[in-house]
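S.K.: One structure, pasted below without further comment.
The values are calculated or read from the model by the stated rules, or taken from the named source; none is laboratory data. Bear in mind that the values here come from a model prediction, so they are computed numbers and not experimental data. Here the Cβ positions follow ideal geometry from the backbone for every residue, glycine too, while neighbour counts run over all protein chains shown.
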Amino acid sequence: MTQPLDPASLRVWFVHDWLTGMRGGEKVLLELVRMFPESRIATLVHVAGSTDPEIDRRVARTSFLQKMPNIGGTYRNYLPLFPRAIRSMELDGECDLVISVSHAVAKGISIPEGPGGGKPHVCFCNTPMRYIWGMEDQYLPRWSPKRLALAAVIPGLRGFDRQNGSVTRFVANSGTVAERIRRIYRREAVVVHPGIDEGYYTVSGEPREDFYLMVSALVPYKRVDLAVRAFAGTVRKLVIIGGGPEEGKLRRMAEGSGNIEFMGRQPDDVVLRHYQRCRAFLFPGEEDFGLTPVEAQACGAPVIAYGAGGATETVVAGRTGVFFAEQTVGALREAVERFEKSFAATPEAIRENALRFTWGRFRRGMVEVVRGVVGN
């Protein structure tokens, strides 16, 4: 009798866009690496020590961009070269499966040949490239030199991005992304949500304190600026954990507002304590999925979120949080006031919702996808 396939025994090539920090996409990659111990990683750029050691030690291929000066801080400037760079990397055929974890060009990797053609290729798509498919305003001012340069290369990047013949199966991290895949690529995708460590993110049982919290990279599309402007000049305290290129601008925006505290990047245990103590968690950007609102809810924190994208799949209005309909200062302030007047859910009830999104469920979903692609 034939033994059922054990996915953990598969030899897997992972392909990731770049490895320069530990964000949501890298957390997905880490969980996948743990699922498939016989694996190696290819990536455009790798900054050693910037991700989990389990990821770092599996990096076996990088592109020619790795040799560029100060590449860890400048890789985004090479966007026009990304298609050529991903195609330049060769994966050997000593594998059973290729899994790309892509939000840019990783899915465009050249797939090694197998006995019946190309090796199976599962693309875990965090999103099609947002900055070439109608979300450019979230990244760059409309008339900036970089925006004009981006406009010049968008047609070529779109053409490359639609070349998905090597992808055997698309997996989307949310229904929001599955709809984008359907609209842009004309392909169907199964949804497998990323998850959280429910044993780590827990309700502390201690009283909540009177501050609002953001945990975010300080980049334009996260809309941290909206929270800063909404809280500036009020008596409400806002704590912001995270770093990024917008930090200086945001600090200047908050000057004179003693109620806004920037903590910079912090270790996980500090983030955990703030999730457990904050009055509510703010999520003013439009995300593809968004792990931080799930982590906050697992710690019993209600979420005040912009009502679009992944937040609409992870936050339940009136039960675990409050939505606002427009990304304006007035709409966010009104949502905070509405929350303070009428929100009454318990931390335990909020946590229960977050348990729909765990790494255990993620693993089970990915195992089913892999079995369907490689064989039963």
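S.K.: Please go through segment 265-302 and give me each residue that is more than 18 Å from F339 (Cα to Cα), charged (D, E, K, R), touching a helix residue (DSSP H, G or I) at 6+ places or on another chain (Cβ under 9 Å) and at pLDDT 95 or above, ordered by number.
M.R.: Across segment 265-302, the qualifying residue is only E295.
S.K.: May I pose another question? Are any residues in segment 158-177 assigned to a loop (DSSP other than H, G, I, E, B) and without any contact (Cβ under 8 Å) to a residue 24 or more places away in the chain, and if so, which ones?
M.R.: So the first thing to find is which residues in segment 158-177 are assigned to a loop (DSSP other than H, G, I, E, B), and the list is 162-168, 173-174.
Those that are assigned to a loop (DSSP other than H, G, I, E, B) and without any contact (Cβ under 8 Å) to a residue 24 or more places away in the chain: R162, G165.
S.K.: Please list, ordered by residue number, the strands (runs of 3 or more DSSP E) wholly in segment 178-278 having 1 or more residues that are closer than 24 Å to G309 by Cα. First the steps, then the outcome.
M.R.: On the way: elements: 189-191, 212-215, 238-241, 260-264.
By residue number, 189-191, 212-215, 238-241.
S.K.: Considering segment 29-56 alone, what residues qualify as being within 12 Å of A106 (Cβ to Cβ) and part of a helix (DSSP H, G or I)? Can you show your working first?
M.R.: First pass over segment 29-56, keeping only residues within 12 Å of A106 (Cβ to Cβ): 29, 41-45.
Hit for segment 29-56 is L29, nothing else.
S.K.: E286 versus (1) touching a Gly at 6+ places or on another chain (Cβ under 6 Å); (2) assigned to a strand (DSSP E or B): which is the lone unmet condition?
M.R.: Against the list (1) touching a Gly at 6+ places or on another chain (Cβ under 6 Å); (2) assigned to a strand (DSSP E or B), E286 comes up short only on (2).
S.K.: Return a yes/no flag: does segment 6-17 have any residue that is closer than 30 Å to L148 by Cβ, surrounded by fewer than 16 Cβ atoms within 10 Å (Cβ to Cβ) and without any contact (Cβ under 8 Å) to a residue 40 or more places away in the chain.
M.R.: Going residue by residue through segment 6-17, those that are closer than 30 Å to L148 by Cβ are 16-17.
Now narrow it down to the ones that are surrounded by fewer than 16 Cβ atoms within 10 Å (Cβ to Cβ): none.
The answer is no; no qualifying residue exists.
S.K.: Considering only residues of segment 307-318 that are out of contact with any His (no Cβ under 9 Å at 6 or more places or on another chain) and surrounded by fewer than 24 Cβ atoms within 10 Å (Cβ to Cβ), which is nearest to E340 (Cα to Cα)?
M.R.: G318
S.K.: What is the number of the single condition among (1) within 18 Å of P220 (Cα to Cα); (2) of a type in the set (D, E, K, R); (3) surrounded by 13 or more Cβ atoms within 10 Å (Cβ to Cβ) that K119 does not meet?
M.R.: (1)
S.K.: Looking only at segment 31-47, decide whether some residue is touching a residue at least 40 places away in the same chain (Cβ under 8 Å) and over 29 Å from R364 (Cβ atoms).
M.R.: yes
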